[in-house]
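First the structure, in the form of structure tokens, and then the observations on it.
We did not get these values from a lab; they are worked out from the coordinates using the rules stated. Only a predicted model underlies this, so the values are computations on that prediction, with no experimental measurement involved. Every residue, glycine among them, receives a Cβ derived from its backbone with ideal geometry; neighbour counts consider all protein chains shown.
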């Protein structure tokens, strides 16, 4: 028997991604979001949503590009801090001690210490409600060599990202492989 | 030292969500996606992307609504099957043995056995590339009572969802709480 619940942002799991931009003074800023995801395979795009009051929103509208730096569990405290403080009054890179590296592909900075970086150019801006969605084409990817698998692609267990649980505001780590995509379900195929 | 990688859909973690729609014959269809996420808090919206060749795309364009049924690890094989077979030639509910329940809120079916359901009305359609993105407002939520926490909201450990790892096509389970949102990062606040 299912119970009805008032609408809310209770879908899970959601990612924890850090969005890098330059503000109007050219200062590197970084903000953590969980409202985002991959949204197209060819060409590859990913989407992020931010509120208009954020420092990141103004930067996104001005330079129309951003990076996504994916934190490993090791940098959870820094990533959470990036979601609490505002770039309007805080240099989050300086306070956290992490380094802002300028992307060679888009006009935005990324977090040098995080293992996996996506460099994106804004292609669509969608006014939804309290949040505005930015759909960005992935123009470049940079990864630490020690998180790559045998095919040269980032391995999720080596990246060691964490997910955000909206209803409890908890961050959760990943445990183990429980199935294989486009394979586990073949037991139902004739 | 970071290595440059050609653009691809390598961001992680991504969710495993099952999209419920009715096709032109009124038959319940279900399709698994990992390109999606929450995209607005107020009012609550979530986004999904599908390719135009899919049976789900035609249904979304026709009825402009959908459900998201979140599978627990227990139903991984069924969820993976929903992403392999096509509703054009397969009744995926019948083959899997799971039940399609008609939503009372939107004109779409959901998976009765899955613990957490979102009932969405399409508000924006964004043509990105190979995928088209549907931004849907969450009009209703239904959850099994045994996955609710003390506040009456779905608890991620009770829902027991799994994430998809795009580079390895693996499904991963969640392990444990490794931090608290809007709290763990306060160590950097003055």
Seminar exercise, completed: The correct count of residues that are at the interface with chain B (Cβ under 9 Å from one of its Cβ atoms) and within 17 Å of residue A:30 (Cβ to Cβ) in the stretch A:111-156 is 7
Exercise. With respect to residue B:72, is the statement that it is under 21 Å from residue B:169 (Cβ atoms) and surrounded by fewer than 24 Cβ atoms within 10 Å (Cβ to Cβ) true?
Worked result: yes
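For residue B:88, indicate whether it is touching a residue at least 12 places away in the same chain (Cβ under 8 Å) and within 28 Å of residue A:137 (Cβ to Cβ).
Numbers: touching a residue at least 12 places away in the same chain (Cβ under 8 Å): yes; within 28 Å of residue A:137 (Cβ to Cβ): no.
Considered against the rule, which asks whether it is touching a residue at least 12 places away in the same chain (Cβ under 8 Å) and within 28 Å of residue A:137 (Cβ to Cβ), residue B:88 comes out as no.
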For this session: Within the stretch A:172-186, count every residue that is outside any loop (DSSP other than H, G, I, E, B) and out of contact with any helix residue (DSSP H, G or I) (no Cβ under 6 Å at 6 or more places or on another chain).
Result: 7
Seminar exercise, completed: Within the stretch B:113-131, residues being surrounded by 20 or more Cβ atoms within 10 Å (Cβ to Cβ) and assigned to a loop (DSSP other than H, G, I, E, B) number 3
Seminar exercise, completed: Within the stretch A:157-178, the residues that are farther than 17 Å from residue A:34 by Cβ and facing chain B (nearest Cβ under 7 Å) are A:175, A:176, A:177, A:178
For this session: Name every residue in the stretch A:140-156 that is in contact with a strand residue (DSSP E or B) (Cβ under 9 Å, 6 or more places away or on another chain) and surrounded by fewer than 17 Cβ atoms within 10 Å (Cβ to Cβ), in order of residue number.
Result: A:145, A:152
Seminar exercise, completed: Those strands (runs of 3 or more DSSP E) completely within the stretch A:1-75 that have 1 or more residues that are more than 7 Å from every other protein chain (Cβ to nearest Cβ) and without any contact (Cβ under 8 Å) to a residue 60 or more places away in the chain are A:17-22, A:28-33, A:65-70
Seminar exercise, completed: Scanning the stretch B:89-112 residue by residue, those in a loop (DSSP other than H, G, I, E, B) and more than 15 Å from the chain's Cα centre (by Cα) turn out to be B:89, B:90, B:91, B:97, B:98, B:99, B:103, B:104, B:105, B:106, B:107
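Hey, can you tell me all the residues within the stretch A:132-166 that are in a loop (DSSP other than H, G, I, E, B), over 14 Å from the mean Cα position of the chain (by Cα) and over 12 Å from residue B:10 (Cβ atoms)? Before the answer, list the steps.
The first filter runs over the stretch A:132-166 and keeps only residues in a loop (DSSP other than H, G, I, E, B), leaving A:149-153, A:155, A:160-162, A:166.
Cutting the leftovers down to over 14 Å from the mean Cα position of the chain (by Cα) gives us A:149-153, A:155, A:166.
A:150, A:166, listed by residue number.
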